Structures are given as C-alpha cells and as structure tokens.
Amino acid sequence: MAGVAHCSLQAKRLLLDPKFEGYKLSLEPLACYQLGLDAAVAEVQLRDDQYTLDHMRAFGMYNYLHLDSWYQDNVYYVDQFGRVMNLSVTLDTALQKPREVFRLPTDLTACDNRLCASMHFSSSTWVTLSDGTGRLYLIKSGKRGSSASEKWEIVFNEELGSPFIIAHSVSFVKSDAHSLAVLLLRVEKDELDTKGSGFHVTLEWLTIAERKEGDRRYEIIERRVLQGKSVPHYAAIEPSGDGLMIVSHKPFTFMQNESDKLEENDDAKASNEKKDPLYYWQQTEDDVTVTVHLPQDITKDDIKICFSPDNICVTLKDQPPLMEGKLYSSVDHESCTWIIREDKSLEISLIKKNEGSRWPEIIVGDTRGEFIMDSSQCSEIAESLMHLTSEVMNPNPEKENPPCNAQELEECDAFLEDGASLCRFDGNTLKVTHIINLGSNQYLFSVVVNPREMPCFCLRHDVDALLWQPHSDQPENMWEHIATFNALGYVQASKQDKKFMACAPDYSYAALCECLRRVFIYRQPTPLATVLYNRKEGRQVGQVAKQLVATLEASDPILGFQATSERLFVLTTKTLFLIKVNSGN
C-alpha cells in the first residue's frame with residue numbers, strides 16, 4: 001500500500017508492573033440490587049440462515065444494555081413492546097423502576113428478518129436509533145437522565161435497505177451545519193463467495209446534515225460502504241467525522257461506484273500494457289550486463305550510448321532516451337562497451353569501479369528492468385544466510401536463551417485467529433493512512449473513557465491487558481497507552497464461558513461475565529490500610545489486587561453488561577442487576 005504509514009503501539013513502561021503478584025480472592029460481600037422488568041428485553045434469536053461465526057459475533061453476542069457515557073450511571077434497553085427504557089441511578093438503596101423515554105413507531109414483531117434494535121449516544125443531546133428492520137432514527141433527546149428536560153423527538157427517519165445494527169455515531173459541526181456520522185453494520189449474502197462462508201460484512205458510513213435554508217430538515221449528504229470478510233472487533237468514527245478506525249481480523253476496503261471502477265480498470269489496463277520489462281540485467285563481482293530487445297528497423301547507426309563515471313544515456317534514432325539517469329554506483333566509463341547480438345538485442349557491459357559490491361538496481365529509481373540471477377549467485381546468498389536458520393529445534397543447548405518451545409505454551413495462550421490489524425481510513429480519499437499489525441495482541445473489549453474522544457480499545461500484551469486511547473487529531477501520538485490491567489490478558493483467557501468484558505472509566509477495575517449468572521471483578525492494586533508481609537520474600541506488601549466473584553440469582557442468560565466507576569449493570573431477559581463495586585467519593 002503506497003503512502004500508508006506502518007505504525008506500532010508504544011507501551012508506557014511506567015504503566016507496567018513487572019512485579020505484579022496476582023489477584024487475591026476476596027470473600028468480602030458485594031452489594032447486589034435487582035429490578036424486575038415490566039416487559040422482557042427485545043431479544044432476537046439467530047435464524048437458521050444466520051449460521052456463521054460472523055452472525056454470532058455481530059448479533060448473537062450483541063450487548064442489549066446501552067451505557068450513556070455523557071451522563072453518569074445512566075443505562076438504556078429496548079423491551080419487547082418497542083419501548084426504550086431508561087434507568088438512571090443516584091442512590092442504590094432508592095432505585096426507581098426503569099421508565100419509558102421513547103416508543104418505536106414500528107411493530108417489531110411484524111418484520112420476519114429483523115435484527116435486534118440498537119442505539120448509540122452521539123452527543124449529550126443526540127441519539128441514533130435503529131429498530132432492527134432497516135430504518136434509522138435520528139433523535140433530539142434534550143438533556144438525558146432527568147425526566148424534566150428529557151424529551152425524545154424524531155428529527156430524521158429513513159428506510160436504508162436491509163436490516164443493520166448501529167456500530168457507532170458522532171455529532172459535529174462542519175461548514176456551519178450540524179452533522180451526524182453513523183456507522184451501520186450488516187452481514188450480507190455474497191453470491192460470488194463459493195469457497196468461504198457465503199457471506200460478507202459491510203460497514204455503511206452515513207453523513208446526515210442539517211439543511212441551511214428552508215425548513216432546516218436533516219438529510220443524508222453522503223453514503224460510503226466498506227466491505228470485508230469478518231465482523232470488526234472495533235469500528236469508530238473520529239469526533240471530527242473526517243476518518244474511521246477499524247480493528248478486524250480481515251481487511252476492509254471501500255466499495256467504489258461505477259465511474260470509479262471504470263477509471264480503475266483503465267489504469268489497470270495501462271499498467272498491464274507496461275508490464276513487460278524494458279530491459280534485463282545480470283551482474284558479477286566485476287561487471288553489470290544489460291540486455292535490451294531492439295525493434296526490427298533499428299541499426300547500429302541508430303544507437304547512441306553515452307557513458308560517464310556516474311551516469312548513462314541510451315538513445316535509439318531520434319526518440320526520447322530509452323535509459324537515462326544516475327547509476328547506482330560508479331563505473332569505469334572508459335572500459336564500458338556495447339554490441340548488437342545475433343538475436344537483434346543490444347548488450348551493454350558496465351565495468352564496476354568498486355569490485356565486489358552488489359547492485360540492487362542499475363539506474364537509481366528505475367523499476368523498468370528485471371534482474372536475472374544465476375544459480376551460483378542463488379547458492380552463494382543461501383549460504384550467507386545459513387547461520388540464521390536451522391533444522392534442529394535447539395542446535396546449541398548451552399546457549400543462554402533457547403528458542404521458545406511450543407510445548408511450554410498453555411491452552412489459554414493459543415488464539416483462534418492469526419492476528420488482527422488496526423487501520424485508519426481517511427474520509428476524503430477513502431484510503432488507508434495508518435496500519436498496525438496487532439499480531440498476537442488479542443483484542444479484548446472497548447470502553448468509552450471520555451465521550452468527546454473515540455472509544456478506547458483493550459488489547460492483550462503478554463499476560464497483561466493494555467488500554468489504548470485513539471487521538472485522531474495527534475498524528476505523532478495517534479494511539480496512547482493510558483492504563484494497564486495487570487495479568488488480565490492471562491486471566492480472561494482461562495474463562496472459556498465468558499460473554500462480555502468491560503472496565504471502569506477510571507480504570508479502578510475490570511470485569512467479565514459468563515453466559516449465565518457469574519460475574520468476575522478484578523480490582524486493580526490499591527494501598528493497604530494494614531501492614532502485610534510476603535512470607536516467602538520477607539518483605540512488606542504495600543498494595544494488593546483483589547478478585548471478587550458475584551453470582552446472580554437468575555436462570556435467564558445474560559444479555560447486557562456495562563461498567564461505570566462505581567457499579568456494574570447486568571441485564572438478563574427479565575431482570576436488571578446492579579452490583580456496587582466501588583463506593584462513591
């Protein structure tokens with residue numbers, strides 16, 4: 001990819017704890033409150049034709065509980081009657097019943113191929129909402145979280161084709177007009193895919209803006225579609241609406257319209273026409289030989305070649321120079337020669353001034369030639385690289401650092417997928433500008449730390465889990481390491497039944513839940529009020545990290561999971577649980 005910056009994530013050493021001793025299981029009781037729901041959550045089961053892993057990831061593992069990051073301890077869900085229900089918590093011991101803030105106009109049960117309803121909080125007063133049938137609602141909500149000022153009002157709604165879920169949305173002002181960018185996720189049938197799953201994943205990037213004149217209605221001003229072969233782990237639009245970041249196992253590319261495709265086909269044809277090399281060349285330690293195929297009507301008198309210590313110019317008849325430019329290295333220009341061979345080809349011999357040096361090219365920057373290597377040179381290069389490889393697992397057992405033994409890896413160190421990549425797309429050029437190969441840094445979860453910034457994503461680094469904050473406006477520091485959850489990468493890998501992961505926006509704890517009942521909480525190291533000694537090493541321990549386990553009194557599967565600085569919210573089909581993790585300041 002030309003023009004793409006290949007980057008890497010730089011962990012901050014000060015945020016790593018190489019002496020972390022693990023989590024101590026704490027038996028302290030966790031305050032757990034529960035609210036029975038008036039109506040069940042609008043869960044949508046996967047249909048028989050939604051059988052792929054991508055369907056399971058996108059829709060089967062969907063988080064039905066939505067946290068409003070703009071207002072503390074404010075969660076929403078959609079029930080089976082199409083009502084958007086809200087719970088706003090100020091005091092755990094005086095919980096109110098979830099209240100209705102909006103009702104979807106469509107009858108959800110009437111659509112056979114619908115997906116789950118989804119929503120995203122674009123700003124402190126704007127919400128994007130989908131009913132799961134393919135219709136998008138843009139809602140002006142007022143200040144949420146208090147019944148006095150909260151009033152959800154539809155300002156835009158439109159049918160956008162096949163059903164989708166909302167992956168992300170942002171609100172911004174551009175050219176003095178209020179705009180919203182929304183990212184829609186679909187898993188669609190792919191008739192051309194006969195060898196794979198038969199489906200592809202699309203991300204539709206919509207921009208909706210307010211008209212400046214007239215009735216100031218909102219309308220779609222741009223629709224762009226990306227296509228890939230795996231559901232993205234993370235997909236978010238930059239706060240300015242100018243770019244997009246995606247973490248996925250397989251790459252995404254923008255789909256072009258017909259005129260772009262025709263232009264690209266013309267370019268491809270033109271490049272194919274130029275595909276045959278203009279010349280072929282070989283080299284020894286002493287010289288370089290260039291061979292050029294000549295047109296039939298060219299004679300010796302039509303050829304003009306100028307040699308100089310650092311340059312060469314080859315001209316045929318009165319045409320522009322065939323080869324011209326600075327040589328890779330100096331030559332003995334007085335000893336250089338050329339002849340026309342019997343097969344009507346021009347052979348040029350360049351005598352190297354620095355004997356033994358290997359040239360990667362003849363003319364600097366000229367890629368029109370093809371280098372031909374003989375068998376003796378191949379074996380010579382292979383021999384020079386021999387010391388880097390071995391057919392024996394550990395040829396030198398006395399060596400201090402033997403190679404990694406795969407048999408020492410535990411089951412939880414194995415990844416299902418080879419490795420994801422993080423790509424940043426420019427909204428204007430629709431091209432990838434930055435790419436990071438995440439390799440074995442397994443994606444774990446995302447969290448909104450600051451609602452005015454992009455969501456953070458958490459990756460496994462060795463045994464730890466590192467939290468990264470994207471900064472789209474800082475090219476030199478585009479991904480910042482902001483927190484570390486010690487040993488969480490290793491711990492979560494052993495929880496084979498885990499369904500959701502989350503962390504507190506203040507990084508005080510991380511949590512994961514299984515499909516049924518159990519919730520595991522990992523409090524990060526905090527100073528101790530009492531003196532504690534490590535008997536083995538005979539030293540005082542200043543702080544300790546705790547693992548807590550909560551078992552919910554519910555037989556229904558967990559459908560939603562969200563974390564705030566003080567509490568965890570867990571949603572099942574008919575109950576909303578609140579687990580008090582930290583006491584308020």
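Look at (1) open to solvent by 50 Å² or more (accessible area, probe 1.4 Å); (2) without any contact (Cβ under 8 Å) to a residue 40 or more places away in the chain and you find that Cys456 fails only one, number (1).
Okay, residues lined up against (1) within 26 Å of the chain's Cα centre (by Cα); (2) part of a strand (DSSP E or B); (3) within 17 Å of Pro232 (Cβ to Cβ); (4) polar (S, T, N, Q):
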site	(1), (2), (3), (4)
Gly142	no, no, no, no
Ser149	no, no, no, yes
Val155	no, yes, no, no
Pro163	yes, no, no, no
Ser169	yes, yes, yes, yes
Ser179	yes, yes, no, yes
Leu183	yes, yes, yes, no
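Restricting attention to segment 114-123 and to residues that are touching a residue at least 60 places away in the same chain (Cβ under 8 Å) and part of a strand (DSSP E or B), the residue that is most open to solvent (accessible area, probe 1.4 Å) turns out to be His120. Being of a type in the set (D, E, K, R), touching a strand residue (DSSP E or B) at 6+ places or on another chain (Cβ under 6 Å) and surrounded by fewer than 17 Cβ atoms within 10 Å (Cβ to Cβ) holds for only one residue in Asp473, Asp497, Asp506, and it is Asp497. Checked against the criterion of being open to solvent by 10 Å² or more (accessible area, probe 1.4 Å) and modelled with pLDDT of 90 or more, the candidates Gly161, Gly228, Gly214 yield just one match: Gly161.
Considering segment 1-42, and only residues there that are within 20 Å of Leu568 (Cβ to Cβ) and among the aromatic types (Phe, Trp, Tyr), the residue that is surrounded by the most Cβ atoms within 10 Å (Cβ to Cβ) turns out to be Tyr23. Does segment 124-139 include one or more residues that are free of Cβ contacts under 8 Å to residues at least 12 places away in the same chain, under 28 Å from Asn450 (Cα atoms) and not β-branched (Val, Ile, Thr)? Checking segment 124-139: not a single residue is free of Cβ contacts under 8 Å to residues at least 12 places away in the same chain, under 28 Å from Asn450 (Cα atoms) and not β-branched (Val, Ile, Thr). Looking only at residues in segment 87-113 that are of a type outside the set (Val, Ile, Thr), in a loop (DSSP other than H, G, I, E, B) and open to solvent by less than 40 Å² (accessible area, probe 1.4 Å), the one that is farthest from Phe569 (Cα to Cα) is Cys111. Only one of the numbered conditions (1) over 25 Å from Leu67 (Cβ atoms); (2) in contact (Cβ under 8 Å) with a residue 60 or more places away in the chain is not met by Asp215, and that is (2).
The values are calculated or read from the model by the stated rules, or taken from the named source; none is laboratory data. This structure is a prediction, so every number in the text was calculated from the model and none was measured. Positions of Cβ are generated from backbone atoms using ideal geometry, with glycine treated the same way; all protein chains shown enter the neighbour counts. Surface accessibility is based on the protein's heavy atoms, side chains included, excluding ligands, DNA and RNA. Shrake-Rupley method; radii C 1.70, N 1.55, O 1.52, S 1.80 Å.
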